[in-house]
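Here, each number is a calculation from the coordinates, and none is a lab measurement. All figures in this text were calculated on a predicted structure; none of them were measured in a lab. Cβ sites come from the backbone with ideal geometry, for glycine too, and all protein chains shown count toward neighbours.
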Amino acid sequence: MTPEQKFTLAVTALLTGLVIVLAVLIFLVNLVKGYGAEIQKLQSGGKRTPASGLAPSAGRDSAGIPPEVVAAIAAAVYMTYGESAGAITSIRRSVRPARSAWSAAGLLENTRPF
């Protein structure tokens, strides 16, 4: 076999392998998308309204949080937990630590017992 024939065979094998891998990946992506669409269709039997999970006090701006953020948090909780989540009674900002995250991680790493 001449070097030219070896090169042609190698390129043909490489391209064939790439095409097969790409075709299988496209098939798997479409399979997962279709499966996700079917599951979503099955899970959304009824229309869900995120606003129904809000408590009357959740819409008030007590901690300086904009009402749009409160609504987004309430919708995310409702979509995650559904009707069983109950009502959101309050949303408050978390307390920021005195140290940065990197400083706390370094302190934890260097003071960890053996």
task: Mind giving me the nanometre distance, one decimal, between the label points for Val11 and Leu107, set 7 Å out from Cα along Cα→Cβ?
output: 6.3
statement: Residues whose modelled amide H sits under 5 Å from the amide H of Ile88, counting only those 5 or more places away in sequence or on another chain, are Ala55
query: Which ³J(HN,Hα) values in Hz, rounded to whole numbers, follow from the phi angles of region 8-16 under the Karplus curve 6.51 cos²θ - 1.76 cosθ + 1.60, where θ = phi - 60° and Gly and Pro get x?
result: 4, 5, 5, 5, 4, 5, 5, 5, 4
